[in-house]
1. Please name all residue pairs, on different chains or six or more residues apart, with Cβ atoms under 7 Å, provided the first residue is in the range 8-28 and is touching a residue at least 60 places away in the same chain (Cβ under 8 Å) and the second residue is among the acidic types (Asp, Glu) and surrounded by 20 or more Cβ atoms within 10 Å (Cβ to Cβ).
2. Sort through PHE136, PHE108 and tell me the only one that's surrounded by 17 or more Cβ atoms within 10 Å (Cβ to Cβ) and either more than 25 Å from THR211 (Cα to Cα) or among the basic types (Lys, Arg) (or both).
3. Going by what's in this entry, would ALA141 be described as assigned by TED's automatic domain parsing to the domain that holds VAL75, surrounded by fewer than 20 Cβ atoms within 10 Å (Cβ to Cβ) and at pLDDT below 95?
4. Looking at ARG95 and the list (1) out of contact with any Pro (no Cβ under 6 Å at 6 or more places or on another chain); (2) free of Cβ contacts under 8 Å to residues at least 40 places away in the same chain, which single condition is not satisfied?
5. Which of the residues belonging to the range 142-178 are free of Cβ contacts under 8 Å to residues at least 60 places away in the same chain and among the basic types (Lys, Arg)?
6. How many residues does the range 137-151 contain that are outside any helix (DSSP H, G or I), under 19 Å from the mean Cα position of the chain (by Cα) and closer than 9 Å to HIS13 by Cβ?
7. With LEU58, LEU53, LEU49 as the choices, which residue is in contact (Cβ under 8 Å) with a residue 60 or more places away in the chain, assigned to a loop (DSSP other than H, G, I, E, B) and crowded, with 19+ Cβ neighbours inside 10 Å?
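The values are calculated or read from the model by the stated rules, or taken from the named source; none is laboratory data. Bear in mind that the values here come from a model prediction, so they are computed numbers and not experimental data. Glycine also receives a Cβ, built like all others from the backbone with ideal geometry; neighbour counts cover every protein chain displayed.
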Amino acid sequence: MAAMQEPDPIDPHLEARFLLRASRVASLATLAAGQPHVALVTPAVLPDLSVLLLLSTLSAHTRQLADDPLCALLVSGPATTANPQTAPRLSLTGRAARCTEPWAKPHFLAIHPYAALYADFGDFSIWRIALTGAHFVGGFARAARLDLARFIPDEPARLAVEQAAMGVIAHCNNDHAAAMDAIAVQQGQNGAGWKMVNIDVDGFDLAHKETVIRVPFAAPVAGVDELRGAIIRLARAASPLTDRG
């Protein structure tokens with residue numbers, strides 16, 4: 001009798017990508033005259049996986065990035081046992097630069113709405129980290145150097161979803177508000193009035209006041225048709241009574 005074949009493990013590239021998109025806090029490593037420096041930051045991930053940060057020139061790490069754009073980020077998830085080493089974590093290397101694109105601050109504030117209190121202060125600006133490398137540890141003894149070509153989303157799919165994003169978000173919020181609430185409840189949240197504020201090939205973000213949660217798809221979508229199907233499946237799973245139109 002042939003031995004039963006074990007199922008393939010989760011692709012670490014996708015596992016790492018989903019972890020990054022869900023991360024709301026990170027450690028930022030910078031260089032100061034050749035010496036390392038680490039600071040806590042709040043990332044907002046773009047569809048192409050580059051990372052936005054809202055930084056103040058009053059902070060040492062911001063001045064260090066202005067002198068040397070090379071940096072690293074560390075994000076992590078919850079440990080599965082009492083041993084902290086069972087937590088998944090992702091180390092990223094990249095180059096940081098100020099980002100003055102008009103969409104940058106709104107995107108950041110959609111993920112971190114509380115930051116609106118100080119985002120317009122004169123010393124704050126948006127920085128964007130373009131990734132140059134990634135190393136993922138999925139838990140104890142599960143380490144992998146990631147191939148950026150496999151880690152970063154497929155460009156045609158990403159662009160298709162980006163182009164449709166505003167319309168999809170408006171449709172979900174205006175015509176399927178109950179479904180958004182049901183999905184949030186299934187994710188362990190309470191209350192009504194949840195709004196979709198961001199969407200990409202891997203999932204979307206729902207916000208209620210200053211709380212923002214990540215809702216992942218079962219797998220990345222390859223285009224707009226798959227995007228709609230993924231949202232419908234989540235809505236149906238969250239509530240059998242959800243309007244399926």
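1. ARG17/ASP202; PHE18/ASP202; ARG21/ASP202
2. Values: PHE108 fails: either more than 25 Å from THR211 (Cα to Cα) or among the basic types (Lys, Arg) (or both).
Among PHE136, PHE108, only PHE136 is surrounded by 17 or more Cβ atoms within 10 Å (Cβ to Cβ) and either more than 25 Å from THR211 (Cα to Cα) or among the basic types (Lys, Arg) (or both).
3. Details: assigned by TED's automatic domain parsing to the domain that holds VAL75: yes; surrounded by fewer than 20 Cβ atoms within 10 Å (Cβ to Cβ): yes; at pLDDT below 95: yes.
The answer is yes for ALA141.
4. It is condition (1) that ARG95 fails.
5. Scanning the range 142-178 gives a single hit, ARG145.
6. Summing the residues that are outside any helix (DSSP H, G or I), under 19 Å from the mean Cα position of the chain (by Cα) and closer than 9 Å to HIS13 by Cβ in the range 137-151 gives 2.
7. Numbers: LEU58 fails: crowded, with 19+ Cβ neighbours inside 10 Å; LEU53 fails: assigned to a loop (DSSP other than H, G, I, E, B).
Answer to the selection: LEU49.
Yes/no matrix, rows are residues, columns are (1) under 24 Å from THR100 (Cβ atoms); (2) in contact with a helix residue (DSSP H, G or I) (Cβ under 9 Å, 6 or more places away or on another chain); (3) of a type outside the set (A, V, I, L, M, F, W, C):
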site	(1), (2), (3)
PRO36	no, no, yes
VAL41	yes, yes, no
VAL45	yes, yes, no
VAL51	yes, yes, no
GLN64	yes, no, yes
ASP67	yes, no, yes
CYS71	yes, yes, no
ARG89	no, yes, yes
